[in-house]
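The values are calculated or read from the model by the stated rules, or taken from the named source; none is laboratory data. Everything quoted here is computed from the prediction, not taken from an experiment. Methodologically, a virtual Cβ is constructed for each residue, glycine included, from the backbone with ideal geometry; neighbour enumeration extends over all protein chains shown. The protein model used for the area step is the full one, side chains on, heavy atoms only, and it has no ligands, DNA or RNA in it. Shrake-Rupley method; radii C 1.70, N 1.55, O 1.52, S 1.80 Å.
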Amino acid sequence: KVGLISGICMIVGTIIGSGIFVSPKSVLANVEAVGPCLTIWAACGILATLGALCFAELGTMITKSGGEYPYLMEAFGPIPAFLFSWTSLLVTKPSSFAIICLSFAEYASAPFYPGCDPPQAVIKCLAAAAIVVITIVNSLSVKLGSYLQNFLTAAKMIIVTIIIVSGIVLLAKGKTENFKDSFKDSKISVSSISLAFYNGLWAYDGWNQLNYITEELKNPYRNLPLSIIIGIPLVTVCYVLINISYFTVMTSTELLQSQAVAVTFGDRVLYPASWIVPLFVVFSTLGSANGTCFTAGRLVYVAGREGHMLKVLSYISVKHLTPAPAIIFYGAIAIIYIIPGDIDTLINYFSFAVWIFYGLTVLALIVMRFTRKELRRPIRIPIIIPVIVTLVSILLVLAPIISAPELAYLYCILFILSGLIVYVLFVHLKFNWPQKISKPITMHLQMLLEVVPEEEVTQ
């Protein structure tokens, strides 16, 4: 039921969320000059586009929902696919959902606490409420979730347009002094560039989200690549122009000292209508959270269908035709992350973990060019593109470990590898006591949510 316009809105709406209002400060802090900062934002967009083109070939070659999961399964077998689902289900996807909703809560609560930071209890309760509402909406209807995404995407494009047009007007009036000697005093090193990329790529995260709902796209061979080719370059242009707008109003020092870059911009340019900025940032983060929930719930569903998670997670609502148990499970894990959650820490380790599997998935594309030649490829990209993306992924994963080693990176790797133990016990050896224990829960869920296995829906 998801067409081309909804597909573009899904990509744009999921990518443009909290990142462009949080990351500019972090990117600038790592490179310390306007020129390298704008270059990093453009380079992140190029990398996201190249990665998405790789995923377009994979998505039209293997038209299954679940994003990276079915591609890793086809190329490398069940173990890497399971490790991806294990890490995604319990770390990357719910932590991403939690980060976005925490960002929403900070902007939503800020106007009620002028002159001071909102209490953490208020922020976390608001974030949890947002997760609950978005989870319910996406459990009730595919169309409702898609329509909500379209509305919120339109709303966030309004604030993006306001910021960009304001910047262009100021530039036309000659406000260019902050761009003079834009590479002067920059801090360029492998470490600083890689950390700047981490923060920039967080703002672009979501470039692969459409691959999670391939089965729900109308004419995926046409609409998947078109949505990517239109959506991601559009986001890249917007991000670069938004950063240029920020720098027309603030010097590098002022931007680094700002508590909320977009709000500072609004206070200086839009006053007395500066309240528009936090309002539309709230819409923007809600749209990103909705898009993330809409797509990530399908990963839980596919893992349950493959027998890598509890069977009940692969059930579908008879009335609404949505993977309701999977979406509810995903929302519950995200709420757990909110309790001790810190945005900056979550972003760093989310990026580290997610680029391990992005690189592995693009490597799968290269491998299948030689091992699965018989597969039909409606889109066939030049082999140099996946090679570049794979090499950049390796660099992004290794750079922070080499340049600024921390135990947290080791813990992240150990958690990923701990999935091997779970796989051996419950998938390979087929210990089925978790399924038996969950049987009463499954029966109650079936009655409460009116959910059944997929084949029964078909019947």
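Axis angle, to the nearest 10 degrees, between helix 19-31 and the longest C-alpha principal axis of the chain: 60 degrees. Each label was represented as a point 7 Å from its Cα along the Cα-to-Cβ direction; for Val190 and Ile383 these points are 2.7 nm apart.
Taking 0.36 nm per residue of separation and subtracting the Cα-Cα distance, full extension of the segment from Ala121 to Ile413 would add 102.0 nm.
A P(r) calculated from all alpha carbon pairs of the chain, with 20 Å bins opening at zero, reads 25, 59, 16, 1 percent.
Exposed loop GluC sites (Glu not before Pro) only (DSSP loop, at most 15 other Cβ atoms within 10 Å): please give the longest stretch of the chain free of them, not including the sites. Formally, the longest exposed-site-free interval is 1-373.
Entry comment: accessible area of the chain is 41 Å² per residue, from protein heavy atoms only and a probe of 1.4 Å. Diffusion coefficient (Stokes-Einstein, Kirkwood radius over C-alpha pairs, 37 °C, 0.692 mPa s) for the stretch 127-247: 184 µm²/s, rounded to a whole number. Summarising the amide proton neighbourhood of Ile316: residues at separation of 5 or more, or on other chains, whose placed amide H is nearer than 5 Å comprise Val452, Glu454.
Derived scalar couplings between HN and Hα for the stretch 260-275 equal 9, 4, 5, 5, 4, 4, x, 4, 7, 9, 9, 4, x, 9, 5, 4 Hz in order, rounded to whole Hz, by the Karplus curve 6.51 cos²θ - 1.76 cosθ + 1.60 (θ = phi - 60°), x for Gly and Pro.
Restricting the chymotrypsin sites (Phe, Trp or Tyr not before Pro) of the stretch 367-431 to loop positions (DSSP other than H, G, I, E, B) with no more than 13 neighbouring Cβ atoms within 10 Å leaves Phe431. Computed in the context of the full set of protein chains, the accessible area of the chain at 1.4 Å probe radius has 70% of its extent on carbon or sulfur. For the cross-link pairs Lys25/Lys156; Lys93/Lys218; Lys64/Lys143; Lys143/Lys311; Lys124/Lys218, the ones whose C-alpha atoms lie over 29 Å apart are Lys124/Lys218. Each residue of the stretch 132-140 is assigned a 3J(HN,Hα), and the resulting list reads 4, 4, 5, 5, 5, 4, 6, 7, 7 Hz, derived from the Karplus form 6.51 cos²θ - 1.76 cosθ + 1.60 (θ = phi - 60°), x at Gly and Pro. Rounded to the nearest Hz, the phi-derived 3J(HN,Hα) couplings of the stretch 96-106 under the Karplus curve 6.51 cos²θ - 1.76 cosθ + 1.60 (θ = phi - 60°) are 4, 4, 5, 4, 5, 6, 5, 5, 4, 5, 5, where x marks glycine and proline. Given a 1.4 Å probe and the protein chains as shown, Cys293 ends up with an accessible area of around 0 Å². Residues whose amide H falls under 5 Å from that of Ala33, counting only those 5 or more places apart or on a different chain, are Lys187, with hydrogens built in the peptide plane. All C-alpha to C-alpha distances of the stretch 211-337, sorted into 10 Å bins beginning at zero, yield P(r) values of 11, 27, 25, 22, 13, 2 percent in whole numbers.
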